[in-house]
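Structure first, commentary second.
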Amino acid sequence: TPRADRQCPACGEPALDVESHRELLLNLAKRSILDKLHLSQRPTLGRPVSRVALRAALQRLHGPPQGVLPEADGGQEYEIITFAETGLCNTTQTRLDFHFSSDSSAGGLEVQQASLMFFVQLPPNTTCPLKVRVLELSPRDTNLTSATQHLLEVNDSGWHQLLLGPEAQTAYSQGHLTLELAPEGQVAWSPVILAGAAHRPFVTARVRVGGKHRLRRR
Amino acid sequence: GIDCQGRSRMCCRQEFFVDFREIGWHDWIIQPEGYAMNFCTGQCPLHVAGMPGIAASFYTSVLNLLKVNTAAGTTRGSSCCVPTIRRPLSLLYYDRDSNIVKTDIPDMVVEACGCS
């Protein structure tokens, strides 16, 4: 923006010494990144994730196609990986808790796609129907009740993916998601859902901030 | 666009890299290792106004000179050295709850400069 004296600030000689100029630019860069990420200050990490878990999660994901730029008329897109905290865990069921960020649960967030990734270990040459229940707090008490459930056919040991439906939007709005994984029917053996550092289950979501609002206005 | 070098005082792109390790941000920003912010600096004489990247054709220069002569005295000094091309910055970072977030922040990296 031209100044009052009609001199463009970018055109004149720098009024600051080199070190002050550099300091100014660094502060500008920091402020700019934090503003665009809707953060008031840099996050301090309370529950750091191990590097092994991080590497495993990133290797499971496919990035967006190279060279594709974000749409100019939509809101900003985010991909979010949230690692599970395992609660109740035995041979018949595993419960996974996910806590989403409070800024993610703010209004105007649209979940475009979300899926659960988890690692199952099966005895060789076996298959197992696996039931995944989405639990939610009932409005009157603190008990968890089953909201929806999905049935998966697990044929192999390894990483498995379950696409979450509309319950993902609810979970992100509430900031919390609880899932229960249990083998279906009577099986002589039980699959093991591994939750160690390298096999920590996680939810990956592609979300958009501001997209819905813009659509409504149009 | 023109990259700043030597003692040229014309509008150009100055490279500026912010190393996340240097500012102590490498613990929460996983990738990339820094931010190539860059910025525009330099003078914009009126005859190059409206020429993104300055290096326009001879005809554009002539047209702009005519425009300047016609408008002389009314719009003096209103041209700025500004970004003409920008690209997004892809970030992979931990948020305050240790979720891992990937996003593309649009228009963060200055690719080219020109006179407004």
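The values are calculated or read from the model by the stated rules, or taken from the named source; none is laboratory data. Computed from a prediction, not measured in an experiment: that's the story for all the values here. All Cβ positions, glycine included, derive from the backbone under ideal geometry; neighbour counts span all protein chains shown.
Based on this model, can you work out whether B:Asp97 counts as within 12 Å of chain A (Cβ to nearest Cβ) and modelled with pLDDT under 85? Yes: the conditions hold for B:Asp97. Of the strands (runs of 3 or more DSSP E) lying entirely inside region A:102-170, the ones with 1 or more residues being modelled with pLDDT of 80 or more and within 14 Å of another protein chain (Cβ to nearest Cβ) are found at A:109-121. Just checking, does region B:65-73 include any residue being at the interface with another protein chain (Cβ under 8 Å from one of its Cβ atoms), over 15 Å from the mean Cα position of the chain (by Cα) and modelled with pLDDT under 90? Within region B:65-73, none of the residues are at the interface with another protein chain (Cβ under 8 Å from one of its Cβ atoms), over 15 Å from the mean Cα position of the chain (by Cα) and modelled with pLDDT under 90. Looking at region B:38-60, is at least one residue within 11 Å of chain A (Cβ to nearest Cβ), part of a strand (DSSP E or B) and at pLDDT below 90? So far as region B:38-60 goes, yes, one or more of its residues are within 11 Å of chain A (Cβ to nearest Cβ), part of a strand (DSSP E or B) and at pLDDT below 90. Annotation note: Cβ proximity below 8 Å between a residue of region B:1-25 that is in contact (Cβ under 8 Å) with a residue 40 or more places away in the chain and within 19 Å of B:Ser116 (Cβ to Cβ) and a residue that is crowded, with 17+ Cβ neighbours inside 10 Å and basic (Lys, Arg) (sequence gap 6+ or interchain) occurs for B:Gly1/B:Arg13; B:Ile2/B:Arg13. For the subset of region B:15-37 comprising residues that are hydrophobic (A, V, I, L, M, F, W, C), under 13 Å from the mean Cα position of the chain (by Cα) and not in a strand (DSSP E or B), which member is surrounded by the fewest Cβ atoms within 10 Å (Cβ to Cβ)? Looking at residues that are hydrophobic (A, V, I, L, M, F, W, C), under 13 Å from the mean Cα position of the chain (by Cα) and not in a strand (DSSP E or B), I get B:Phe16. The number of residues in region A:171-182 that are assigned to a strand (DSSP E or B) and touching a His at 6+ places or on another chain (Cβ under 7 Å) comes to 1.
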